[in-house]
Structures are given as structure tokens and as C-alpha cells.
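Here the structure comes first, spelled out in C-alpha cells, and everything after it is commentary.
The values are calculated or read from the model by the stated rules, or taken from the named source; none is laboratory data. Model, not experiment: these values are computed from the prediction. Ideal geometry is used to build each Cβ from the backbone, glycine not excepted, and the neighbour counts take in all protein chains shown. Protein only, heavy atoms only, side chains kept; ligands, DNA and RNA dropped before computing areas. Shrake-Rupley method; radii C 1.70, N 1.55, O 1.52, S 1.80 Å.
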Amino acid sequence: MPAPILTVDVEDWFHVCGHASYADPATWAARTKRVHVGTGRILELLAGTPSKATFFVLGWVARQNPALVKRIVEAGQEIGCHGDTHRRVFEVSPAEFREEVRRSRGTLQEIAGRPVTAFRAPEWSMLKSDNPALAILVEEGFAIDSSLTTAPPVGDPANPGRPAILATASGPILEIPPLMGTFFGRRALWGGGVCARLTRARRIEAAIERSLAAGVPPVLYAHPWEFDPEHPAMPGLTPLQRLVHFAGRTRTEERWQRWLARWTFAPISSAMSEEHGEIPSKVKRGEAA
């Protein structure tokens, strides 16, 4: 039976995609930085448990606070790449995407002192399994991507619903999607985010058990700002953005405490198991791993 996978998207409270003010890096220097608060709380929850997690860190965050990256590494946790300035994949050109991941990966590897080979796009913005950006990831040294879901509008129902080796123009990459479920009858992320926070914990726990029984590692995720009791107010958000960011936010820590007591979690690299070995050079897109 595989281990469930635990992941953290290490971004600050103001890293909101698509908002004219919050998404603008020119505004970030003047904002209060609080990513260390929630990240520290997550590390405290993991301490004393056998569980490990992958922390997908923004390159911008790492340059602002290299000590935070070192703290994650010293705690025995895994570092992944979340891009550099939290720009969605479909908002940038291929050349800009390459620069984003190259700069971020270089920053993270320099601070962590180890290879960074797993990537997650901001806001699940890879969208489809034939996205040419996946080939760029391969070219830049990534072996794992965790950016695809089967839930519109941030994903495509044709995307893999379980770990799968995807063929790209530059070689294969292992795709590891998040735990999925339904929300008001529609396909939804249950691994984390607002739909997970507003879904009963017991339903998610049952889905985790079903996934494990089927031999598929369920992938959970959260953000440091979900663990910050003094999260700043965010004037200017639309009602939908406010719902997505704040609804059920305070439930996250209690649920992670409960789940860390119930299961032993592993980092995302655990899906690159001995069963998979080295990714073969020629595979069919979407072949189950």
C-alpha cells in the first residue's frame, strides 16, 4: 500500500493570482511578510511524527527568507519548486516560463544544497497534459510535476486521475495529481483548497482510505497562510476571491493534526518508487505509473 503524500505551497498571504494589486510583485516589498509564521506552524505539527512533506517554495520567498528554506531542509523535509513570482503558466510565454522555473530552481538548490526535481504550478495552471510547459520542465531538470487536476476550470477531465508518466517532446515526466472528489455534484479538489475546507472531514478521510486501498497515493496540500491566526485583512478582493481564500480557513490546522495522528505521510518523491525506477525514455502519454 502506498503512503499518502503531504505537500505545502510555500507562498505568502498576498500571492493571489489574477488580482491587479496583490499579484503585482511591485507591491510586495511594502506588504507585511508572514509566510514564516504558517510554515513554522506546519513544521511544528510535523515534528515528532514520522511524516514527511514536500514544500513547494516560491523562488521570490526563498530570496526574501533563505533561512526559512534552510529550516525546512534541516527539519528533514523535501523542497520543491512553485515557480518564481507566482505567475500562472498560461499568463507567460514559454521563454518567460523557462526563466521563472530556472531562476526559482537555481535559488532553491543554492540555498538547500540539494537537487530540486519536483514542480507545482501556481493555481494548478498547467491545465492540460499536453501543455508544452511540461517539456520545458524536463529540459530544466525536473522529474516530477504536480500541476494537473481533473476539475474544470483549473483542470481537464482528460488529465490523469492517478500518478502517470507523461510523454513530452523532451522526454517523460511523472505527473502526480491531487486527491479529487465532488462538491455540489461537480468534480473538485479534495486534497486542499476551499472545496476541501468546506467538505466534511469524514468524507475526505474516506476518500483517502479508498485511494490507499486502490494503490493510489492520495496527495494533500495546504498553504502557510491557512495556519496563520493573524492573517492580514485583504481589502479589494472580489466576493469569489474572498470565498476561495478565507472560507473554512481555520479548519485546516485541526484537520492536519487529526490526519498526522492517523496516517504517516511521505513527500512527493516517494511516488518515484522502486516500482517505477528510472522513467523510461519512451512511454505513451497518460500511461499509469
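The figures follow:
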quantity: Beta bridges by DSSP in the chain, antiparallel share as percent, to the nearest 5; calculated: 40
quantity: Separation of the residue 158 and residue 210 label points, Cα + 7 Å toward Cβ, nm; calculated: 2.5
quantity: Relative contact order of the chain, pairs being alpha-carbon contacts under 8 Å that are 6 or more residues apart, as %; calculated: 25
quantity: Radius 11 Å from Cβ of residue 78, net charge of other residues (Lys, Arg +1; Asp, Glu -1); calculated: +2
quantity: Pairwise FRET efficiency - residue 114 versus residue 1, Cβ, R0 = 25 Å, nearest 0.05; calculated: 0.35
quantity: Calculated FRET efficiency for the pair residue 19/residue 257, C-beta based, R₀ 35 Å, to 0.05; calculated: 0.70
quantity: Burial ranking of peptide ranges 181-193, 51-63, 134-146 (average Cβ count within 10 Å, highest at the top); calculated: 51-63, 134-146, 181-193
quantity: Per residue, in Å², the accessible surface of the range 95-227 once ligands and nucleic acids are set aside, probe 1.4 Å; calculated: 38
quantity: The range 1-92 - percent relative contact order, Cα under 8 Å, separation 6 or more; calculated: 33
quantity: Electrostatic dipole magnitude of the range 89-158 [Cβ: Lys, Arg +1; Asp, Glu -1; Cα centre; debye, to 20]; calculated: 240
quantity: Rg/Rg_ref, the range 1-91, where Rg_ref = 2.2 N^0.38 Å and atoms are Cα; calculated: 1.15
quantity: Net charge of neighbours whose Cβ lies under 11 Å from the Cβ of residue 228, counting Lys and Arg as +1 and Asp and Glu as -1; calculated: -1
quantity: Helix-only CD estimate at 222 nm, as mean residue ellipticity for the chain, using -39500 (n - 2.57) per DSSP H run (n ≥ 4); calculated: -9500 deg cm²/dmol
quantity: Whole-percent carbon and sulfur share, accessible surface of the range 201-253, 1.4 Å; calculated: 59
quantity: Sites residue 64 and residue 202, calculated FRET efficiency, Cβ-Cβ separation with R0 45 Å, nearest 0.05; calculated: 0.70
quantity: Pairs of alpha carbons in the chain whose separation is greater than 28 Å (percent); calculated: 31
